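One structure below.
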Amino acid sequence: MNLSIGEMAEKLKEYQEFRIIYHIRPDGDCIGSAYALALALKALGAKCEVAGQDPVPGLHREMTEKVEMDVLGDPVYVSVDTATPARAGKYSGEHFTFCIDHHRDNSVQADYKYVEEDCGACAEIILKLIKAMGVSVTKEMADFLYTALVMDTMCFRTTATSVQSFETAAELKRLGADVYRIGRRTMYIKTPQRIQIEQRLRDSFHYASDGKLITGVLTLKDLQEVGILDSELEGINSLAEQVMGLKIGVTVRELPDGRSRCSVRTSEEVDASEICRLLGGGGHKHAACCELDCSPEKARKVMEEHCRKFLPG
Ligand SMILES: [Mn+2]
C-alpha cells in the first residue's frame, strides 16, 4: 500500500523494533538514510539495527560506528534507497513491512511504501519523514543526511537535483550539518589508492566515434594491485563523463564470479536505461547498468558495438 509521508510517519510509530536494510554495494545515500532513520526511531524509544549484506564503506565508518545498535527480538524490516528485491542481497527473502525509496519503478514488495520517484536522494524523503514523526533533527542526523544528499546528487549536479534538494541542503546546514567537512571528505579528498585506480581506469579508456563513446575497464587484478576495495569506488563509473564531447561512457568492472558489470553514463538526449534494458539491465535516464556473462574485455567489445547504435546523428 502506498502511503503519504504523514501516514508513513504515523505507521512507523506503531512499531517498536526495526531492522533497517541498506542495499548491496552500499553508497552514501543508503547508509546516510538508514542511519538517520535509525537515530530518529531510537529517539522515539524504538529499538533499531541497521544491516546490509555488505559492510559499510570505510569512508562512513567514523560516523556509523558511533551509532549504537540494539539487540532485537522480532523486528519489522525497513528497506531504504533500494529499487529492486535483488538489491537487498541476502535480506531479499525477508518480509518487508516498510519501503522508502526514490527510484523510478521501485519493485520492492512491502506492506507500506513511500516512493518519491526521481527525487535527488532518498535522504530528502528521510528528512521529511523524521520531521513528520515529530522528532527533532540532531546534528548527527543532519550529518548523515547531508552526506547522503551530497553524494547521491554528486554535489548537486545530477538531473534529479531539484529545488527540494537545495532546500533540504539549506535546512540541514541550519540544523548543524558540517557542510565544509562532509563536502571535502566525500567529494574532494581522495586516498592515494583512489587516485591510482582512477588513473588506471583513465589509462584503459578507449575512445570511439570521435570520443563520443568511451569505454573503460577495471579488473579485480587492478583493484588488488592498487590495494583498494570495491566498496571504495563509489562514483568512479562517472569518470568518463568528465571528457568533453562524451555522449556515452561505459565502465566495465569485473565481478568476482567472472561476469562483468557494465555501468553506462550518458549525456543529454541519449537514454542510458534503454541501452541497458536491451541487455537485461536498467536504471535512470543518464545512469544505468547491466551485467554480461563474459570477461571484461569481451564485455567492452559487446558494449562498444551495442552503444554505437544509440549515438545521435
Ligand atoms: Mn539513492
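Throughout, read-outs are computed from the coordinates displayed, never taken from laboratory work. Quantities reported herein were computed from a predicted structural model and do not represent experimental measurements. Quick reminder, even Gly has a Cβ in these numbers, built from the backbone with ideal geometry, and neighbours come from all protein chains shown.
Could you tell me which Cys residues in the chain have no other cysteine's Cβ under 4.7 Å from their own Cβ, answering none if every one has a partner?
Cysteines of the chain left without a disulfide-compatible partner: C30, C48, C99, C119, C122, C155, C262, C289, C294, C307.
Taking the Cβ of E297 as the centre, find all other residues whose Cβ is under 15 Å away and add up their charges (Lys, Arg: +1; Asp, Glu: -1). List each step's numbers first, then the result.
Details: positive: R200, K221, R253, R259, R261, K298, R300, K301; negative: D203, D222, E254, D293, E304, E305.
Spelling it out: positives minus negatives among the neighbours equals +2.
Give me Y146, Y112, Y207 ranked fewest to most by other Cβ atoms within 10 Å of their Cβ, as a rough exposure proxy. Don't skip to the end; give the middle numbers.
Values: Y146 30, Y112 18, Y207 14.
Lowest to highest Cβ neighbour count: Y207, Y112, Y146.
With 29 Å as the cut-off, how large is the P(r) tail for the chain, expressed as percent of Cα-Cα pairs? Write out the running numbers ahead of the final one.
Working: 17788 of 48828 pairs.
That tail contains 36 percent of the Cα-Cα pairs.
Specify whether the C-alpha gyration tensor of segment 235-299 places it in the rounded, prolate or oblate class, a ≥ b ≥ c being the square roots of the eigenvalues: rounded for a/c under 1.5, otherwise prolate if a/b is larger than b/c and oblate if not. Could the numbers behind the result be given before it?
Numbers: a/c = 2.36, a/b = 1.46, b/c = 1.61.
Oblate shape, in that a/c is at least 1.5 and b/c is the bigger or equal ratio.
Return the sequence-ordered ³J(HN,Hα) values of segment 207-216 in whole Hz as given by the Karplus equation 6.51 cos²θ - 1.76 cosθ + 1.60 applied to θ = phi - 60°, using x for Gly and Pro.
8, 10, 6, 6, x, 6, 10, 10, 10, x
Between segment 16-82 and segment 223-248, what's the alpha-carbon centroid distance in Å?
27 Å
What is the sum of charges, Lys and Arg at +1 and Asp and Glu at -1, for the other residues whose Cβ falls under 12 Å from the Cβ of R184? Numbers along the way, then the final one.
On the way: positive: R181, R185, K190; negative: D178.
Neighbour charge sum, excluding R184 itself: +2.
Would segment 191-266 count as rounded, prolate or oblate if I go by the C-alpha gyration tensor, calling it rounded below 1.5 in a/c and otherwise prolate when a/b exceeds b/c, oblate otherwise?
Values: a/c = 2.09, a/b = 1.55, b/c = 1.35.
Prolate.
So how do S33, S92, S267 line up by other beta-carbon neighbours within 10 Å, fewest first?
Numbers: S33 33, S92 18, S267 14.
Taking fewest neighbouring Cβ atoms as first place, the list is S267, S92, S33.
Cα to Cα, under 18 Å, and not fewer than 8 places away if on the same chain: which lysines meet these conditions relative to K221?
Filter leaves K298.
Mind listing the Cα extents of segment 136-270 along all three principal axes, in Å, largest one first?
49, 37, 25
Please compute the length gained on full extension between I189 and R259, using 0.36 nm multiplied by the number of residues separating them and subtracting their Cα-Cα distance. If you can, show how the numbers build up before the last one.
Numbers: separation 70, 0.36 × 70 = 25.20 nm, distance 3.12 nm.
Length difference between fully extended and current span is 22.1 nm.
Exceeding 19 Å between C-alpha atoms, which entries from my cross-link table qualify? They are K11/K66; K190/K301; K42/K128; K66/K113.
Values: K11/K66 27 Å; K190/K301 31 Å; K42/K128 17 Å; K66/K113 29 Å.
Checking Cα-Cα distances, K11/K66; K190/K301; K66/K113 exceed 19 Å.
What shape does segment 123-193 have by the C-alpha gyration tensor, where a ≥ b ≥ c are the square roots of the eigenvalues, rounded means a/c under 1.5, and otherwise prolate means a/b greater than b/c and oblate the rest?
Values: a/c = 2.35, a/b = 1.47, b/c = 1.60.
Taking the square roots of the gyration eigenvalues as a ≥ b ≥ c, segment 123-193 is oblate.
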